[in-house]
Amino acid sequence: MLIDATILFQIAGIGIITALIHTVLKQVGKEDIAQFVSLVGFIIVLVIVIHHLSDLFQQIKSVFLLQGL
Amino acid sequence: MDIIQIVLIGIIASLLYIILKDVQPTFAFVIILITSVLILMLVVKQIGIIIQLLTSLADKATINSFYLETILKIIGIAYITELGANVTKDAGLASVASKVELAGKIFILLLAIPIISAVVEVIINFIPTSGNHFL
Amino acid sequence: MWKKYYFEYGEKTMKWIGAILLVSTTSWIGFDMSKKLTERPKQIRLLIQSLQMLETEMGYSQLTLQQTFQNISKKVPYPLDQFYERLAHKLSGIVIDFLTIWDEELSKFVQTSALKQTEHEVMKQFGRNLGQHTFLQQQKYIKLTIHHLQRELDDAMEERRKYEKMMKSLGVLIGLLIVLLLF
């Protein structure tokens, strides 16, 4: 049972890089595109997180015999 | 040693949170969320082992498995509710967190209804119904 | 036994090689775009210079267009010299229509250079008037074209100042982002 912290680093990396892209685009005055990039990054991360969250809930359900609920 | 892994994940997550908090607060929140998911994922598997032990014990003691199932369901609901409530609280929505907790309590009560009614029935059986005999 | 080890080792290495390739590709694209931005003002300036040369050659030596182009091609640096060279070469044969030769060579030149559609249009327009008028009128047209190109030059400088650095960093960053997403 080896859950490593790769996903943590992955999400943090995506966050930092989207922040950098955001600042770069903002500096040259493309605020709208910067906003869009941030939004897209957030949605991608959210998809990853929701995937894992559903995994967790599935496991809790199977462990606690909650199939009927 | 899973405990070392869990502690390390916690520490790494807090470091990443500190880094990300200033640049992108939303991503920092996501980090918290994924950390709780990871740690709970690690813990849930261990809980599964404990529950297997409990069920085998209950089988040996010939306890109605329905009761054990209900209790396990209640524990599960409690864990899920707490996770949700904590996450919403971290996001700064304390009022929503309290509502989530309320919902958890109500569902626990709902699950407990058969047990409570069974207990009440047992108690009623103890009380002699034709009381006028003694009068 | 060794095969299994080889597979595990290979998988991880391939992942890293892929990541490095991806990052270097997107960085290269970014650098290329930024290089194009740097090249554009330089090439517009060269174009203006060559037009000025054309003007003086026309005014003082009174040579044919073909010889003039030949002369200019010896004095300007890389992408532009080939343009004039080819023009001179084509004009040395039997010329049916100067305009088609000009347009053809011009679009060839624009494709290899960092120039944009606007400069292409300006130069195309210039070709329409080349060799059609008296010297004085011709001079006016050259002046007008230089004026147009000057404005394009200002535009290009502004664009370069704005986006040169952005393109570089954006290339690297987007590569890193894609690698992280696929990791």
_Lone qualifier among A:V37, A:V24, A:V45 - being open to solvent by less than 20 Å² (accessible area, probe 1.4 Å) and touching a helix residue (DSSP H, G or I) at 6+ places or on another chain (Cβ under 8 Å)_ = A:V45
_Hey, A:V47 under 30 Å from B:M41 (Cα atoms) and more than 7 Å from every other protein chain (Cβ to nearest Cβ) or not_ = yes
*Options B:A13, B:A91; residue that is at the interface with chain A (Cβ under 10 Å from one of its Cβ atoms) and closer than 25 Å to A:L46 by Cβ*: B:A13
_Flag if B:I51 is part of a helix (DSSP H, G or I) and within 9 Å of chain A (Cβ to nearest Cβ)_ = yes
_Suppose we filter the range B:30-57 for residues that are at pLDDT 85 or above and of a type in the set (G, A, S); how many remain?_
2
_Residue satisfying all of: in the range A:13-40; over 30 Å from C:E158 (Cα atoms) and in contact (Cβ under 8 Å) with a residue 12 or more places away in the chain; nearest to the other protein chains (Cβ to nearest Cβ) among these_ = A:G15
*asked:* Return the residues of the range B:85-109 that are at pLDDT 90 or above and open to solvent by less than 60 Å² (accessible area, probe 1.4 Å); say none if nothing qualifies.
replied: B:A85, B:T88, B:A97, B:S98, B:V100, B:A103, B:G104, B:I108
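The values are calculated or read from the model by the stated rules, or taken from the named source; none is laboratory data. Here the structure is a predicted model, which means the values were calculated and not measured. Note that each Cβ is placed from the backbone with ideal geometry, even for glycine, and that neighbours are counted across all protein chains shown. Ligands, DNA and RNA are stripped out before the accessible areas are found, and what is left, the full protein with its side chains, is counted by its heavy atoms. Shrake-Rupley method; radii C 1.70, N 1.55, O 1.52, S 1.80 Å.
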